[in-house]
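Engineer: What follows is a single structure, and I will ask about it in a moment.
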Amino acid sequence: MTAFHPDQLGTLCGLFRARVAATPARVAYRQFDEARDSWVSFTWSEVAAEAARWQAALAREGLAPGDRVAVMLKNCVEWVIFDQAALALGLVTVPLYLDDRAESAAYILDNADAKLLLVEGRFQLKKLAEIAASSPGLQRIVCLVAPESRLADWSPRFVVAAEWLENAVATAVPERSLAPDLLASIVYTSGTTGRPKGVMLTHDNLLWNAYYASHCADFGPHEVFLSFLPLSHTLERTGGYYLAMLLGAEVAYARSIAQLAQDLQAIRPTVLISVPRIYERVYGRIQDGLEKKGAPARALFRLAVHVGWRRFERSQGRAYWHPELLLWPLLERLVARNVTQKLGGRLRLAISGGAALSPEVARVFIGLGVPVYQGYGLTETSPVVCVNRPDSNSPATIGQPLPGVEVRIGDNDELLTRSRCVMRGYWKDEAATRAMIDADGWLHSGDQARVDADGHYTIIGRIKDIIVLNNGEKVPPTDMESAILLDPLFEQVMVVGEGRPYLAALTVLNEAHWEAFAASLHLDPAQPATLRDPKVTRALTHRVAHHLRHFPGYAQIRRLHPDLRPWTVEDGLLTPTLKVRRAQVLDRYRAAVEAMYANFAR
């Protein structure tokens, strides 16, 4: 919990000023400096001094309050500095995903009428050239790092940040009085169908969401957040940036997903915010490691998870003491500690959001002593709506609503929410806004949910993603896909079957596991024809059936199409938040889908 209150702070820049005044000498951010080959720290006063320079440089661009400025950086202290400098001038930050396609980025910049763009520069040359050619409205493109080629050869709009900031301190910028309901950011949704929409979030929206979230755990001022979910993702922006600022916590920026394991050891975070895919990958590596060990090691692991889970259930008041609990100190030392130490050894809160976390994955982590808390939210709600708490954690649910956030179940089991955190609306799209927020202020999430006696909500499907078979049976595919993805052989899965007699699946296989799987069938994995061998599809379908054995009879996969080409953001099959663009995947595999339903009576 924080001593700051939104009514006193007013705005996000008011929060920043209050934090700097309260703890000027405390470390605010840490990131890895490649030139020094070491981690470097920044105090709050140092960040404030740098933000003043950026603010002066932005002021020289002649931008007016309300103008949009975009940022396309990996997570770093400069992202925060730029955001705070822009907000203090009344500008509106438009975050872009670093790995988004040039076409998508150009659309967002054009739709938002962005006047300025901040980019990293060194690794984005081709993308920058495409964006610059497609975005005539941009007055300035600031590169954080000087690229190898001369920027002037492209356009006079380009400038290196060091030159742009030169002598910026010499110009004093008066502090502006900003209203809490001022637009702070336009965040474009991932757009799994159609073009992304710009979600308009005010200072009030984001500040109150962070404040409400601060009441959901016993946060302390000496928390250390490891930030690796992109800051363009609203969960990281609110939870890993504004919430951390409210608490006065330190934020360390991970170098990359590939180096996450080393960064966890170096930083030893107390708070981690992630999407389920990261936890699923760690789970997959644990399972791979167990496969290489003998039966006694696997049995010991299962016992540790079982006893640890019983211990957790007892702590939540859902189970009684049992003699098995006496084994925990030994199991913790022999098994659980190996996992918790790889996560840094002092993790207090591991938040999962953005998609559903598999109950099996949650059970393994929690059973081994990793404190995982699933939550739920939408970009349109700034974003957190519900979250589990340390004293009330039901891992198969999304938890209880934040204090100050109303939630109810509407028609068709749709989850509705209303609070100060609900967006102002969609940028330049009043019709979509009216379709999303009704006359009484309730935001219609599009997600179906149920609520238990303790007030914990569970997402049971998405209204638009529900597959209706030709016999009328309704199937939410995401739970099935999550169950299949627990198998490390499957890298990506999409269940299909709308209007069809049965369900089928499009799958991408993990290349390393595919080689072993094919060899087990006495087939050559290097031969392209092996993927289409009937022995392979039968064996894969049988393997999937094992993972879906607890699902109803109609929710089974009868046909399966394997592939080794991963679905990526670059080829348009994934959103920047790594959600599957179902329509685009269906379009690519249309022939394969039709083949899976040909002669279905056989």
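The values are calculated or read from the model by the stated rules, or taken from the named source; none is laboratory data. Computed from a prediction, not measured in an experiment: that's the story for all the values here. For neighbour counting, all protein chains shown are included, and Cβ atoms are generated from backbone atoms with ideal geometry for every residue, glycine included.
Engineer: What is the number of the single condition among (1) farther than 29 Å from Glu236 by Cα; (2) assigned to a helix (DSSP H, G or I) that Arg558 does not meet?
Structural biologist: (2)
Engineer: Continuing with this model, one more query. Just wondering, is there one or more residues in the stretch 50-69 that are under 17 Å from Ala249 (Cα atoms) and at pLDDT 95 or above?
Structural biologist: No, the conditions are met nowhere in the stretch 50-69.
Engineer: Restricting to the stretch 536-565, count the residues that are of a type in the set (D, E, K, R) and either outside the structural domain of Gly472 (by TED's automatic domain parsing) or under 18 Å from Tyr597 (Cα atoms) (or both).
Structural biologist: Residues in the stretch 536-565 being of a type in the set (D, E, K, R) and either outside the structural domain of Gly472 (by TED's automatic domain parsing) or under 18 Å from Tyr597 (Cα atoms) (or both): 4 in total.
Engineer: Right, next: Please go through (1) over 21 Å from the mean Cα position of the chain (by Cα); (2) touching a residue at least 24 places away in the same chain (Cβ under 8 Å) for Arg549 and return the number of the only condition it doesn't satisfy.
Structural biologist: That leaves (2) as the condition not met.
Engineer: Could you list, in sequence order, the residues of the stretch 388-442 that are in contact with an Asp or Glu (Cβ under 6 Å, 6 or more places away or on another chain) and in a strand (DSSP E or B)?
Structural biologist: Leu415, Arg418, listed by residue number.
Residues are listed down the side, and each one gets a yes or a no for (1) surrounded by 21 or more Cβ atoms within 10 Å (Cβ to Cβ); (2) in contact (Cβ under 8 Å) with a residue 24 or more places away in the chain:
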residue	(1), (2)
Leu326	no, no
Arg348	no, yes
Gly354	yes, yes
Leu368	yes, yes
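Engineer: Could you tell me how many of the residues in the stretch 544-557 are surrounded by fewer than 16 Cβ atoms within 10 Å (Cβ to Cβ) and either among the polar types (S, T, N, Q) or farther than 21 Å from Gly499 by Cβ (or both)?
Structural biologist: 4
Engineer: Looking at the stretch 49-68, is at least one residue of a type outside the set (S, T, N, Q) and assigned to a strand (DSSP E or B)?
Structural biologist: There is at least one residue in the stretch 49-68 that is of a type outside the set (S, T, N, Q) and assigned to a strand (DSSP E or B).
Engineer: So in the stretch 388-415, with the set limited to residues that are closer than 25 Å to Phe312 by Cα and in contact with a helix residue (DSSP H, G or I) (Cβ under 7 Å, 6 or more places away or on another chain), which one is surrounded by the most Cβ atoms within 10 Å (Cβ to Cβ)?
Structural biologist: Leu402
Engineer: How about the stretch 482-519: which of its residues are within 19 Å of Gln584 (Cβ to Cβ) and without any contact (Cβ under 8 Å) to a residue 24 or more places away in the chain?
Structural biologist: Correct list: Val493 only.
Engineer: A further question follows. Does Ala252 count as outside any helix (DSSP H, G or I), small (Gly, Ala, Ser), at pLDDT 95 or above and touching a Ser or Thr at 6+ places or on another chain (Cβ under 9 Å)?
Structural biologist: Yes, satisfied.
Engineer: Conditions first: (1) touching a helix residue (DSSP H, G or I) at 6+ places or on another chain (Cβ under 7 Å); (2) assigned to a loop (DSSP other than H, G, I, E, B); (3) modelled with pLDDT under 95. Ile141 passes all but one, so which condition is the exception?
Structural biologist: (2)
Engineer: Scan the stretch 277-290 and give yes if some residue there is in a loop (DSSP other than H, G, I, E, B) and either in the same structural domain as Glu360 (by TED's automatic domain parsing) or closer than 27 Å to Leu201 by Cα (or both), otherwise no.
Structural biologist: No: zero hits.
Engineer: Go through the stretch 458-492 and give me each residue that's assigned to a strand (DSSP E or B), at pLDDT 90 or above and within 20 Å of the chain's Cα centre (by Cα).
Structural biologist: Across the stretch 458-492, the qualifying residues are Thr458, Ile459, Glu491, Gln492.
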